[in-house]
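Notes for the one structure printed next.
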Amino acid sequence: MRGSQILTRPAWLEINLSAIADNISNLKSVLGPQREIIAVIKADGYGHGAVPVAQVAVNSGAGMLAVAFVEEALELTDADIKTEILILSGTPREAAPTIVEYGFHVPLTDVGGAEALSETAQAQNRPAKVHIKVDTGMHRLGVAAEDISEYCERLASLPGLSIQGIFTHFASSPTDPQFTLEQLSRFKEAVGQAEAALGYCIPLKHCANSCAIVRYPESWLDAVRPGALIYGIPRNPGGVYMPTMRPAMTLRTTISHVKPVTAGQAVSYGRTWKAPHDTQVALLPVGYADGYSRALSNNADVLVRGQRVPVVGAICMDCTIIDVGSIGGAQVGEEVVMIGQQGEESITIAEIAERCNTVVQEVACWFTRRLPRMYTHEPGDVRVKELVEAHRSIFSDVST
Ligand SMILES: Cc1ncc(COP(=O)(O)O)c(C=O)c1O
């Protein structure tokens, strides 16, 4: 019998596309019709699934999509997505023919890259769509703000480049307002110098990521580049200038085993948790191989019957153990929410990130292919047939 024909593990990531649609249209209404939303859907749409997120983002008002790599851009065009795509990372010269052929937008970060794109554009008789990347203090990628005039004078002599935009990226928008505003002011100055050197106005000036969108409306300029915000996972939900965004991701499973433990008995690897009194523990079929980090061992709650119960002991590769003594009579098959809302309670990605001393973006990207993605349009709207199909496509090579 094929293992794929039975649903052996009820555990999945539920992605509510309505939440993403609402988040983008909310954002659009706050920004106004003239400002472009460049929806950041790199890293498989922050783990939510790049293609479905792209489709929803475009239908809800995003005018451009941003990914990190050429391969991610090609995944979108293969899915027949026709919207303009900006590749945020520096691209190798060998990728220039593909970039120009597909009309992808790419950052200009040095002279060599600009020359390669110019040559390819001439060879293909098509423009290379480029955005000048200005380094205003992140010191990761881009032309130093103080070199921008000289750089743009060189660009002006390269045929085939269509300069569509100019952008920068903030190093610490959630934590350091002074440095963020300094970066913004450096960027505005660099834009002035670039336009003077080129002799024309650059259409799209953009710098704001989610946190800057929420906190610094002066950074909105012509376009914004939200990632976390569109998935409803900003570190501070709501925020000064934004309505509350709805989280799109729920990690749902069911209890697979229940067993009593007596006071003093330890559970899981390393025996790091000992029952303080007689209780019941339950097993959840989700472990660190699914992306539920081992750093959450003895360091997280999950929701059962709308109540928080603690994760106890070390998280294993394939399972997590919870103490269900407080709810009484826990049953195999009962629904558990590990991230998301159940009843009135919720476990947010921000909470998980804080417990693991990391950022929300990393948590959203943790979850591996072993967890099927289920696409819904309202919370809780999961159809078992789709779940079985999703398992089939993942485990189609597995036979028992
Ligand atoms: C250049 C660039 N712009 C925008 C974003 C989106 O950031 P956030 O998820 O904070 O909105 C990222 C994310 O890493 C990025 O690298």
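The values are calculated or read from the model by the stated rules, or taken from the named source; none is laboratory data. Bear in mind the structure is a predicted one, so any value in this text is a computation, not a measurement. Glycine also receives a Cβ, built like all others from the backbone with ideal geometry; neighbour counts cover every protein chain displayed.
Could you tell me which residue of the range 77-98 is nearest to Leu204 (Cα to Cα), considering only residues that are aliphatic (A, V, I, L, M) and touching a strand residue (DSSP E or B) at 6+ places or on another chain (Cβ under 6 Å)?
Within the range 77-98, the subset aliphatic (A, V, I, L, M) is 79, 81, 85-88, 95-96.
Then keep just the ones that are touching a strand residue (DSSP E or B) at 6+ places or on another chain (Cβ under 6 Å); that gives 85-88.
Working: Ile85: 14, Leu86: 12, Ile87: 15, Leu88: 15 Å.
Among those that are aliphatic (A, V, I, L, M) and touching a strand residue (DSSP E or B) at 6+ places or on another chain (Cβ under 6 Å), it is Leu86.
Which pairs turn up if I take residues in the range 75-98 that are over 18 Å from Ala50 (Cβ atoms) and look for partners that are modelled with pLDDT of 95 or more and of a type in the set (Ser, Thr, Tyr) with beta carbon separation below 6 Å, at least 6 apart in sequence or on another chain?
These pairs meet every condition: Gly90/Thr109; Ala96/Thr120; Pro97/Thr120.
Of a type in the set (Asp, Glu) and in contact with a strand residue (DSSP E or B) (Cβ under 6 Å, 6 or more places away or on another chain), is that true of Asp301? Can you show your working first?
Working: of a type in the set (Asp, Glu): yes; in contact with a strand residue (DSSP E or B) (Cβ under 6 Å, 6 or more places away or on another chain): yes.
The answer is yes for Asp301.
Which one of Ala314, Ala364 is surrounded by 17 or more Cβ atoms within 10 Å (Cβ to Cβ), outside any loop (DSSP other than H, G, I, E, B), in the same structural domain as Leu284 (by TED's automatic domain parsing) and modelled with pLDDT of 95 or more? Let's see the steps before the verdict.
Numbers: Ala314 fails: outside any loop (DSSP other than H, G, I, E, B).
The match here is Ala364.
All but one of (1) surrounded by fewer than 22 Cβ atoms within 10 Å (Cβ to Cβ); (2) under 29 Å from Ala54 (Cβ atoms) hold for Ala121, so report the exception by its number.
So the condition that Ala121 fails would be (1).
When the residues of the range 162-180 are narrowed to those that are polar (S, T, N, Q) and away from the ligand (no atom under 14 Å from the Cβ), which ends up nearest to Tyr216 (Cα to Cα)? First the steps, then the outcome.
So in the range 162-180, the residues polar (S, T, N, Q) come out as 162, 164, 168, 172-173, 175, 178, 180.
Subset that is away from the ligand (no atom under 14 Å from the Cβ): 162, 164, 178.
Details: Ser162: 29, Gln164: 24, Gln178: 11 Å.
Checking each candidate, the answer is Gln178.
Would it be correct to say that Leu141 is in contact with a strand residue (DSSP E or B) (Cβ under 7 Å, 6 or more places away or on another chain) and either assigned to a helix (DSSP H, G or I) or crowded, with 21+ Cβ neighbours inside 10 Å (or both)?
When the stated conditions are applied, Leu141 does not pass them.
Which of (1) in a loop (DSSP other than H, G, I, E, B); (2) away from the ligand (no atom under 12 Å from the Cβ) is the odd one out, the single condition Pro260 does not satisfy?
If we test Pro260 against (1) in a loop (DSSP other than H, G, I, E, B); (2) away from the ligand (no atom under 12 Å from the Cβ), just (1) comes out false.
Can you name the strands (runs of 3 or more DSSP E) wholly within the range 1-109 that have at least 1 residues being of a type in the set (Phe, Trp, Tyr) and touching a Pro at 6+ places or on another chain (Cβ under 6 Å)?
Values: elements: 11-16, 36-40, 64-67, 84-87, 105-108.
The strands (runs of 3 or more DSSP E) meeting that bar are 11-16.
Residues being among the polar types (S, T, N, Q) and within 13 Å of the ligand (Cβ to nearest atom): count how many of those fall in the range 181-228. Give the steps one after another, and end with the answer.
So the first thing to find is which residues in the range 181-228 are among the polar types (S, T, N, Q), and the list is 183, 185, 193, 209-210, 219.
Now narrow it down to the ones that are within 13 Å of the ligand (Cβ to nearest atom): 183, 209-210, 219.
Result for the range 181-228: 4.
What's the number of the condition Thr253 fails, among (1) away from the ligand (no atom under 13 Å from the Cβ); (2) buried (at least 19 other Cβ atoms within 10 Å of the Cβ); (3) within 15 Å of Val134 (Cα to Cα)?
Going through the list (1) away from the ligand (no atom under 13 Å from the Cβ); (2) buried (at least 19 other Cβ atoms within 10 Å of the Cβ); (3) within 15 Å of Val134 (Cα to Cα), Thr253 breaks only (3).
Can you tell me which residues in the range 256-281 are of a type in the set (A, V, I, L, M) and within 12 Å of Asp323 (Cβ to Cβ)? Break it down stepwise before answering.
Taking the range 256-281 as the starting set, the residues that turn out to be of a type in the set (A, V, I, L, M) are 258, 261, 263, 266-267, 275, 281.
Those that are of a type in the set (A, V, I, L, M) and within 12 Å of Asp323 (Cβ to Cβ): Val258, Val261, Val267, Ala275, Val281.
Evaluate the range 343-355: report whether one residue or more is under 19 Å from the mean Cα position of the chain (by Cα) and assigned to a loop (DSSP other than H, G, I, E, B).
The first filter runs over the range 343-355 and keeps only residues under 19 Å from the mean Cα position of the chain (by Cα), leaving 347-355.
Going one step further and asking which of them are assigned to a loop (DSSP other than H, G, I, E, B), we end up with 348.
For the range 343-355, residues under 19 Å from the mean Cα position of the chain (by Cα) and assigned to a loop (DSSP other than H, G, I, E, B): present.
Does Gln122 satisfy being part of a helix (DSSP H, G or I) and of a type in the set (S, T, N, Q)?
Numbers: part of a helix (DSSP H, G or I): yes; of a type in the set (S, T, N, Q): yes.
Yes; evaluated as a whole, the condition is true for this residue.
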